[in-house]
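To start, I am sharing the structure in question, which I have written as structure tokens.
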Amino acid sequence: MNPFTLNYEPEYFCDRQNELARLSKNISNGRNTLIHSPRRLGKSALIKHFFHTLEKKKNFETIFIDLFATTSLEGFIQAMAENILFKYHSKNFIEGVKTLLKGLSPNISFSPDGTPGIGLSVQPARYETTLKELFNYLETRKKKVIIAFDEFQEVAGYPEKGEAVLRTYIQNLSNVRFIFSGSSNHLLQQMFFSAKRPFYQSVEIMVLDKINRETYFGFIKDNFEKNDKQVAPDALEYLLDFSEIYTYYTQVVCNYAFSETENKLELQQAYTITDDLIENRKADYQSLLRLLPENQRKVAIAVANEGIIKKPTAIDFILKHRLPSVSSVAQALKSLENKEIICLTNDGYTVYDVFFKRFLQRYYGKELN
Ligand SMILES: Nc1ncnc2c1ncn2[C@@H]1O[C@H](COP(=O)(O)OP(=O)(O)OP(=O)(O)O)[C@@H](O)[C@H]1O
Ligand SMILES: [Mg+2]
């Protein structure tokens, strides 16, 4: 098995010791947590790993609910009901529905591999009672229950007043603790940082950062060695530079590096591996680039070539990259940020997708410098 997995696997999880300890402390002290970070840094994996450790200790019950692609309170209730039913009533689904959701008539279907799915339709008039039933059920469990709502920012887009309704329930539960998680965009920011919103100041906030470089280095080296392979230190440093220690990209690069290495990975081969990675994505990235209006394309290329840039509207940057006026650069930045092509970090603007950045540097680097 390749130890550099692209899905969460408990035995191939790297570090996050501080974050896990902090989550534990929050839970034992009755605090709810919001975890946010840019995409693909490892929020979902962190929560899954935390739940894995809790379940092993058997003091808590955990429920992970992915709200991605839910568009209404009905979708939220369905996701929650399904996860609770799978957790507590997987042996007898119909019985579970009867005890849990008294007023609902679900359609239970089975997929070819035998896993049940439920088509629960909930009438708007029953939203609140159904939520109440679900939360009350958790409130009466003997063990404390920890629920994670991943991609929680979706709730902000529901046509109903989802936030206010949820906040009321969440506030009144004593047996249930919550972890909310999502990527750091303005939707999530507004939900938790705006004084006008129901979830304002209701959580302890954890901003997930990159994994420490030395720790990741050790993890990668160890996992090569456990499998009777070696990695030259300069090759490993290069892989971390190339992927910017950005969890997802580092995992992908290492996954290939591992599978391509027979005995020992040397620097030269590491170059080939990353070249191939970008080459394979070239067609997709080219069409992405082609879809951008001229100004945005130019700005994306310029930002990529700087790596990271504090002030892309500064005149020297504009002149150096032959960009149009300050105002059109500012506008292009805004659009690129909305499209999640570039993002603003503590150190400045950068291209969000590390591989796209490498692609731009490689194929559009010379043109402008
Ligand atoms: N600590 C870790 N050790 C090893 N792999 C990890 C770790 N954290 C995350 N990963 C891997 O990195 C990738 C991104 O992680 P994950 O999906 O958890 O990020 P995310 O922050 O939830 O992203 P998104 O915002 O897109 O939902 C996944 O392939 C995951 O398996
Ligand atoms: Mg996630």
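The values are calculated or read from the model by the stated rules, or taken from the named source; none is laboratory data. Computed from a predicted structure; not experimentally measured. FYI the Cβ positions are ideal-geometry reconstructions off the backbone, even for glycines, and counts take in every protein chain you see.
Look through region 146-166, keep the residues that are charged (D, E, K, R) and away from ligand 2 (no atom under 15 Å from the Cβ), and return whichever of them is nearest to the chain's Cα centre (by Cα).
To start, the set of residues in region 146-166 that are charged (D, E, K, R) comprises 150-151, 154, 160-161, 163.
Within this subset, residues satisfying the condition of being away from ligand 2 (no atom under 15 Å from the Cβ) are 160-161, 163.
On the way: E160: 25, K161: 25, E163: 21 Å.
Restricting to residues being charged (D, E, K, R) and away from ligand 2 (no atom under 15 Å from the Cβ), the top hit is E163.
How about region 22-61: which of its residues are within 14 Å of ligand 1 (Cβ to nearest atom) and farther than 30 Å from N338 by Cβ?
L23, H49, F50, F51, H52, T53
Residues that are within 16 Å of ligand 1 (Cβ to nearest atom) and in contact (Cβ under 8 Å) with a residue 40 or more places away in the chain: does region 73-83 have at least one?
No, because not a single residue in region 73-83 is within 16 Å of ligand 1 (Cβ to nearest atom) and in contact (Cβ under 8 Å) with a residue 40 or more places away in the chain.
Starting from residues that are away from ligand 2 (no atom under 16 Å from the Cβ) and assigned to a helix (DSSP H, G or I), keep the ones in region 66-80 and report whichever is surrounded by the most Cβ atoms within 10 Å (Cβ to Cβ).
Across region 66-80, the extreme among qualifying residues is F76.
Would you be able to tell me the number of residues in region 257-277 that are free of Cβ contacts under 8 Å to residues at least 60 places away in the same chain and within 24 Å of S37 (Cβ to Cβ)?
Residues meeting the conditions: 0.
I would also like to ask the following. Being at pLDDT 90 or above and crowded, with 21+ Cβ neighbours inside 10 Å, is that true of even one residue in region 85-97?
no
Condition check ((1) surrounded by fewer than 18 Cβ atoms within 10 Å (Cβ to Cβ); (2) charged (D, E, K, R); (3) at pLDDT below 95) across all residues:
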site	(1), (2), (3)
Q269	yes, no, no
I273	no, no, no
L277	no, no, no
R281	yes, yes, no
S287	yes, no, no
L292	no, no, no
Q296	no, no, no
L319	yes, no, yes
V326	yes, no, yes
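I would also like to ask the following. Would you list the helices (runs of 4 or more DSSP H) that sit entirely within region 270-369 and hold 3 or more residues that are within 28 Å of the chain's Cα centre (by Cα)? Before you say what the answer is, go through the steps one by one.
On the way: elements: 294-306, 315-320, 326-338, 354-368.
Result: 294-306, 326-338, 354-368.
May I pose another question? Count, please, the residues in region 220-237 that happen to be surrounded by fewer than 20 Cβ atoms within 10 Å (Cβ to Cβ) and in a helix (DSSP H, G or I). Show your work before the answer.
Of region 220-237, the ones surrounded by fewer than 20 Cβ atoms within 10 Å (Cβ to Cβ) are 221-223, 225-230, 232-234, 237.
Imposing the further condition that a residue be in a helix (DSSP H, G or I) reduces the set to 221-223, 225-226, 233-234, 237.
Of the residues in region 220-237, 8 are surrounded by fewer than 20 Cβ atoms within 10 Å (Cβ to Cβ) and in a helix (DSSP H, G or I).
Could you list, ordered by first residue, the pairs with Cβ atoms under 8 Å in which the first is in region 32-61 and under 16 Å from K143 (Cβ atoms) and the second is within 11 Å of ligand 2 (Cβ to nearest atom) and outside any helix (DSSP H, G or I), at least 6 apart or interchain?
Between residues of region 32-61 that are under 16 Å from K143 (Cβ atoms) and residues that are within 11 Å of ligand 2 (Cβ to nearest atom) and outside any helix (DSSP H, G or I), the close pairs are F51/F64; F51/A148.
Farther than 21 Å from L20 by Cα and hydrophobic (A, V, I, L, M, F, W, C): is that true of F199 in this structure?
Yes; evaluated as a whole, the condition is true for this residue.
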